[in-house]
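The values are calculated or read from the model by the stated rules, or taken from the named source; none is laboratory data. Computed from a prediction, not measured in an experiment: that's the story for all the values here. Cβ sites come from the backbone with ideal geometry, for glycine too, and all protein chains shown count toward neighbours. Each accessible area value is taken on the protein alone, full model and side chains, heavy atoms only, with ligands, DNA and RNA left out. Shrake-Rupley method; radii C 1.70, N 1.55, O 1.52, S 1.80 Å.
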Amino acid sequence: MSDNALLKPIKIGPYELANRIFMAPMTRSRADNPENAPTELHAQYYQQRASAGLLITEGSQVSKQAVGYINTPGIYSKAQIEGWKLVTKAVHDKGGHIFIQLWHVGRLSHPDFHGGELPVAPSSINPNDKSYTPQGFKETVSPHALTVQEIHATTRDFKNAAENAITAGFDGVEIHSANGYLFHQFFTNCSNVRTDEYGGNHENKARFFFETLDAVGRTIGFEKTGIRLNPSAHGFFGITIDKDTIPTFEYIIERLNDYPGLAYAHLVEPMMPVDNVPYAVKEIAKHFRPRYKGTLIINCGFNPDNGSRVIEEGLADAVSFGKYFISNPDLVERIRRSAPLAEPDLHTFYTPGPKGYSDYPFLQ
Ligand SMILES: Cc1cc2nc3c(=O)[nH]c(=O)nc-3n(C[C@H](O)[C@H](O)[C@H](O)COP(=O)(O)O)c2cc1C
């Protein structure tokens, strides 16, 4: 057997996982039915990848208001819960484990998704991005700034979605607090200029996130709750870093130590080069590992070599792979055998049907 550190078992929450090769959450836009419910096709896709130590699903909207892209699945209706049951059963039948990523896009949406109503955000600041609507790409707009009552209602949406996830048979949930979506919008000055208890200092910017983490964790168990952060995101999804951004993330990640039972913190290395971005952290695992005592999953740009190294160096406990899991359903077996990895076809990332989704071949 290979002594690759990625192949060593790991315990996450109550689960004994077979390896440290996790599948990163990836939107694949195959829920192209009126209910935005997962189907047998989703079940087949996730089952093919069930040898991952942990599968984390694509972002799944926690409410109607949380949506920002066409054909992404939800986890708030009965039909969606029934659809996800197909997925969790298919994965569990193969001995796998699966968390669902709970998602609210906030201002990265468009009135076309909301019957003409504005998308929501901490403050009424247009991200100046594009939203992929049923009528194609459209310019984003200045969103509605959430009232305190509406913030509390959104926390309840996450709590309900987490309950639904357990009903659907998921092993746990990941709160999507990265990549410029709603929680991230609260963390950064470029999107949050509130003067109430949800804006200003670090504690206030993180308040909505921690209130939601508390609500979800107390409902389904912190050991079944993970979170995702992308501290050096800059120049995409409407996010720009300033001198307060990294200190805000340091505050959040250090405060996660108050949750010793948390399933994990899932951190993302810079998705774009940040060498010339003032105040960005270039090496996320190196910077944040010493600050967080719990289980740390690292992501972005890893391959079997640097993935095993980051674990051996003690900078992370597990690695999540995104694109390699699209094109290598048997990624774990390929790493075990040191077999070549197939490259994914970018053109079928978000297209309907099995092509580029469930038709990538396994090794012979
Ligand atoms: C097609 C595609 C869809 C993605 N959708 C999501 C998503 O729903 N939620 C999320 O947190 N990240 C999403 N990501 C980011 C991935 O989780 C991951 O951070 C990124 O692919 C970098 O990892 P990699 O280098 O191993 O591919 C997506 C990436 C891709 C390629």
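Assuming charge only on the beta carbon of Lys and Arg (+1) and of Asp and Glu (-1), the dipole of the range 217-364 about its Cα centre is about 260 debye to the nearest 20. Among residues other than His92 with Cβ under 13 Å from its Cβ, the summed charge is +1 (Lys and Arg +1, Asp and Glu -1).
Could you report the range 289-331's accessible area per residue, 1.4 Å probe, as an integer in Å²?
Working: 1580 Å² over 43 residues.
For the range 289-331, the solvent-accessible area averages 37 Å² per residue.
Full extension of the chain between Arg156 and Asp258 gives 34.5 nm of extra length, using 0.36 nm per residue less the Cα-Cα distance.
Reported to the nearest whole Å, the Cα centre-to-centre distance from the range 176-204 to the range 319-356 is 34. Only lysine pairs 8 or more places apart, or on different chains, with alpha-carbon atoms under 30 angstrom apart are counted in the range 69-200, and they number 9. Each label was represented as a point 7 Å from its Cα along the Cα-to-Cβ direction; for Glu333 and Thr195 these points are 6.2 nm apart.
Fully extending the segment from Phe349 to Asn33 would add 112.0 nm, taking 0.36 nm per residue of separation and subtracting the current Cα-Cα distance. For the chain, with a Gaussian network of springs between Cα atoms less than 10 Å apart, report the residue from Gln135, Gln48, Gln65 with the top mean-square fluctuation. Taking springs between Cα atoms under 10 Å, the residue moving most is Gln135. At 0.36 nm per residue, and after removing the present C-alpha to C-alpha distance, how many nm does the segment from Lys286 to Lys94 gain when stretched out fully? Length gained between Lys286 and Lys94: 65.7 nm.
Electrostatic tally near Ser51: other residues with Cβ closer than 13 Å to its Cβ, Lys and Arg +1, Asp and Glu -1, net +3. Solvent-accessible surface of the range 32-79, taken per residue with a 1.4 Å probe and all protein chains present: 33 Å². Taking a Cβ cut-off of under 14 Å around Asp345, the surrounding Lys, Arg, Asp and Glu residues balance to a net charge of +1, with basic ones at +1 and acidic ones at -1. Less than 5 angstrom separates the built amide H of Val173 from those of Ile100, Thr225, Gly226, all sequence-distant by 5 or more or on a different chain.
Of the residues Leu102, Ile81, Gln44, the one whose Cα sits farthest towards the positive end of the charge dipole of the range 9-149 is Gln44 (charges of +1 on Lys and Arg Cβ, -1 on Asp and Glu Cβ, taken about the Cα centre). How many percent of the accessible area of the chain is carbon or sulfur, using a 1.4 Å probe? Carbon and sulfur: 51 percent of the exposed surface of the chain.
Computed over protein heavy atoms with a 1.4 Å probe, the accessible surface of the range 212-282 works out to 38 Å² per residue. The value of relative contact order for the range 243-349, using C-alpha pairs under 8 Å at least six residues apart, is 22 percent. Label-to-label distance, Lys78 versus Gln149, with points set 7 angstrom from Cα along the beta-carbon direction: 2.9 nm.
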